[in-house]
């Protein structure tokens with residue numbers, strides 16, 4: 001960077017404050033301190049092999065297939081080789097500590113929250129006219145037209161219209177409560193009776209209800225969630241302690 005474009009650490013800190021990123025930065029720093037302290041207390045360490053595997057995975061995930069790719073990436077992010085190694089170690093330690101603390105709680109947590117991991121494959125048309133929605137619903141029931149024909153005609157969003165109103169595989173907490181209750185009580189494949197929520201009416205085709213399986217990916221998601229909840233609770237406790245002192 002040329003002299004006239006040099007940016008000082010003070011300017012960086014000021015920008016972080018003015019852009020309201022400072023709370024997130026401070027939280028991340030506090031979390032890292034908690035992770036390092038807990039790892040030391042729990043005697044959680046990383047072997048050279050684990051560090052190498054973590055580095056290989058990071059390169060693969062970020063498309064760093066050659067030394068040239070890696071050097072460009074380091075330059076882009078203003079990182080030295082030593083800082084890159086520190087980044088790898090930090091990420092790997094976080095993952096290993098999470099597994100150490102919570103891997104034995106995964107199965108119990110899964111069965112306790114199994115409904116939260118049930119997913120639905122749905123297609124949706126959102127209308128502002130409830131009477132029209134009812135008319136279309138009965139038309140589908142009587143096979144006057146198909147849901148897909150209506151999706152093409154009534155969905156305004158181009159991308160949703162092209163995919164027939166498919167919003168993706170949905171979980172309960174991604175849907176409004178009234179919609180969620182109806183969707184997950186369906187016997188697919190099924191067209192649901194129009195559901196009025198606020199000023200909108202949802203005409204929904206439920207294609208499939210996907211029952212959750214505790215596979216490797218879901219286990220990792222649960223461990224990550226438990227770990228993040230643990231960090232958040234410690235951060236909250238620290239704030240309360242500071243307020244009290």
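If you check residue 160 against the conditions, is it assigned to a helix (DSSP H, G or I) and either in contact with a strand residue (DSSP E or B) (Cβ under 7 Å, 6 or more places away or on another chain) or under 22 Å from residue 116 (Cα atoms) (or both)?
no
Scan the stretch 57-71 residue by residue and report those that are surrounded by 12 or more Cβ atoms within 10 Å (Cβ to Cβ) and over 22 Å from the mean Cα position of the chain (by Cα).
Hits for the stretch 57-71 are 64, 69, 70, 71.
What tally of residues in the stretch 176-192 results from selecting those that are assigned to a loop (DSSP other than H, G, I, E, B) and in contact with a strand residue (DSSP E or B) (Cβ under 8 Å, 6 or more places away or on another chain)?
6
Only one of 10, 45, 40 is without any contact (Cβ under 8 Å) to a residue 60 or more places away in the chain, in the same structural domain as residue 89 (by TED's automatic domain parsing), exposed (fewer than 14 other Cβ atoms within 10 Å of the Cβ) and touching a helix residue (DSSP H, G or I) at 6+ places or on another chain (Cβ under 8 Å); which?
Just one listed residue meets the conditions, 45.
How many residues does the stretch 86-136 contain that are within 21 Å of residue 181 (Cα to Cα), in contact with a strand residue (DSSP E or B) (Cβ under 8 Å, 6 or more places away or on another chain) and assigned to a helix (DSSP H, G or I)?
Here the count works out to 4.
If the requirement is being without any contact (Cβ under 8 Å) to a residue 12 or more places away in the chain and assigned by TED's automatic domain parsing to the domain that holds residue 33, which of these qualifies: 153, 149, 86, 144?
The conditions single out 86.
Take the stretch 163-175 and flag every residue that is over 25 Å from residue 149 (Cα atoms) and either over 22 Å from the mean Cα position of the chain (by Cα) or in a strand (DSSP E or B) (or both).
171
Failed condition for residue 30, given (1) closer than 19 Å to residue 100 by Cβ; (2) in a helix (DSSP H, G or I); (3) in contact (Cβ under 8 Å) with a residue 24 or more places away in the chain; (4) over 21 Å from the mean Cα position of the chain (by Cα), with all others met?
Result: residue 30 fails condition (1) only.
The values are calculated or read from the model by the stated rules, or taken from the named source; none is laboratory data. Keep in mind that this is a model prediction, so the values were computed, not measured. As a convention, Cβ positions derive from the backbone with ideal geometry for all residues, glycine included, and neighbour counts pool all protein chains shown.
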